[in-house]
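Chemist: Have a look at the structure that comes next, please.
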Amino acid sequence: MSTGHPSQGEALWRRTNLASLGRSWLGRAALAVAMAAWLATSGCQQERTEVHASAPKRLKVDTVGAVTKPIPDTLLVTGALEATTVNDIAANATGRVVAVHGERGDPVEKHAALAKLDVRLVALQAGVANAQAKVASDQAELQAQECARTETLAASGAVPMAEWERQSWQCKIAKGTMVASQVQATMAAQYVSDGTIRAPMDGHLVERFVEVGQFVTPTTRIATLVSLDELRLRISVPEIHLGGLKRGAALTFRVATYGTRTFSGTLARVSPVVRSETRDVIAEATVLNDGHLLRPGMFATVEFQLGTKSASVVPSSAVVVREGASRVFVVRDGRIEERAVQLGPKVGDEVAVLKGVSRDERIVREPGEEVKNGLFAE
């Protein structure tokens, strides 16, 4: 029967459950305090990491100020190289070709044989002409002696004057026959000489047009020679720049074959007429072709110096080429800016910058691979 008071067993059960409940609450409270402390510590560490990560990276660079200097005012035009001397060599004789010399591109010295013709017949004719000239010379000499004797006799009255006059005419005829025979002998010798077709100048063989066995006449073209010692640079200059063209002015040019290598020339001739279709004038420069590096037909990019102008100048070492464009690195407000620039002429160790840089801006003197757009500089 129940008396309203818990039994001994019930009291024990209650005390056990309360103790477990106390321990569970205290554990959860301790765990909550530990978690709060860990979160606070992690937050501080993350904040310190974020603050450290947000600190900008600064690159130490050597800079130089862009300065304004007078530079050459140049005009960029195109042109083409032409040969100053080109010779189309004709046979100047009639006959069959028995020998040819040289191939396309070969150097040829003046008087070198290019081809030979069969001259056996004209050689025989030359022999006959020489013999006739010798006979005529002997007859003229004999007649001269006869004339001298007749003149002496006529002076003493031993010979009539009519005989003297007749003898004088014989002397003149003999002398004329001798001269004619000598001319014929000379012509025959020339025909033999023309059988060997020779180069009229030093040069290079552009083309040979005959082969062995071919029959040629005086108008047959045998070969074409070109001289490479001096070339002509033919250029077209816009009308607006006509006033800057002066004879004797120096110019430089490049050809695709030799990349950035420059060659020089001297302005020699300027056309007096402006072409109405293109509004330009034709000018020619002479180019000494030492080493025969340049060839007729090459296209050229030509620079004329028309005067001087002011432009920003930076060290050549400050310019780098990236993605096919010239670039410099400018330090502005503590940060590095990469800029594409248009370059002008090079003067010594400096180069003009026509577009992309202003006066007094700070330029990285020698940018390496580590120099990039957007970095902070110190």
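The values are calculated or read from the model by the stated rules, or taken from the named source; none is laboratory data. What you see is a predicted model; the values in this text were computed from it and never measured. Glycine also receives a Cβ, built like all others from the backbone with ideal geometry; neighbour counts cover every protein chain displayed. Ligands, DNA and RNA are excluded from the accessible area calculation, which covers all protein heavy atoms including side chains. Shrake-Rupley method; radii C 1.70, N 1.55, O 1.52, S 1.80 Å.
Chemist: Could you check how much of the accessible area of region 106-249 is carbon and sulfur, as a whole percent, using a 1.4 Å probe?
Modeler: Here carbon and sulfur together make up 57 percent of the probe-accessible area.
Chemist: Let me ask another. Which ³J(HN,Hα) values in Hz, rounded to whole numbers, follow from the phi angles of region 264-281 under the Karplus curve 6.51 cos²θ - 1.76 cosθ + 1.60, where θ = phi - 60° and Gly and Pro get x?
Modeler: Coupling constants for region 264-281: 10, x, 10, 5, 10, 9, 10, 5, x, 10, 8, 6, 5, 6, 10, 6, 9, 10 Hz.
Chemist: In whole angstrom, how far apart do the alpha carbon centroids of region 219-253 and region 71-130 sit?
Modeler: What the calculation gives is 23 Å, centre to centre.
Chemist: Additional query: Rounded to the nearest 20 Debye, what is the dipole magnitude of region 256-378 about its Cα centre when Lys and Arg each give +1 and Asp and Glu each give -1 at the C-beta?
Modeler: Computed charge dipole of region 256-378: roughly 320 debye.
Chemist: Here is a follow-up. For region 152-264, compute the orientation-averaged projected area of the C-alpha convex hull (one quarter of its surface), in nm².
Modeler: 18.7 nm²
Chemist: Sticking with this one: By average Cβ neighbour count within 10 Å, what is the ranking of 262-268, 240-246 from highest down?
Modeler: Packing order, densest peptide first, comes out as 262-268, 240-246.
Chemist: Run through all the Cα pairs of region 324-378 and give the fraction in each 5 Å bin from 0, expressed as whole percent.
Modeler: Computed distribution, short to long bins: 4, 18, 29, 27, 15, 6, 1.
Chemist: What whole-number distance in Å separates the alpha-carbon centres of region 172-215 and region 300-378?
Modeler: Spelled out, the Cα-based centre of one part sits 67 Å from the other.
Chemist: Another question, then. Set the Förster distance to 22 Å, then compute FRET efficiency between Val179 and Ala148 from the Cβ-Cβ distance, nearest 0.05.
Modeler: That gives a FRET efficiency of 0.65.
Chemist: Still on this structure: Which value, in Å to one decimal place, does the Kirkwood hydrodynamic radius take for region 166-207 when every pair of different Cα atoms is included?
Modeler: Averaging 1/r across every pair of different Cα atoms and inverting gives 13.5 Å.
Chemist: Which one, Gln132, Val159, Leu121, is farthest towards the positive end of the dipole of region 105-167 when Lys and Arg carry +1 and Asp and Glu -1 on their Cβ?
Modeler: After comparing all options, I get Leu121.
Chemist: Where only protein heavy atoms count, and the probe is 1.4 Å, what is the accessible area per residue for region 248-378 in Å²?
Modeler: 57 Å²
Chemist: Could you compute the FRET efficiency for Val321 and Ala268, with r as their C-beta to C-beta distance and R0 at 35 Å, rounded to 0.05?
Modeler: 0.50
Chemist: As an exercise, use a Förster radius of 45 Å and the Cβ-Cβ distance of Glu230 and Ser358 to find the FRET efficiency, rounded to the nearest 0.05.
Modeler: Once the sixth-power term is evaluated, E becomes 0.50.
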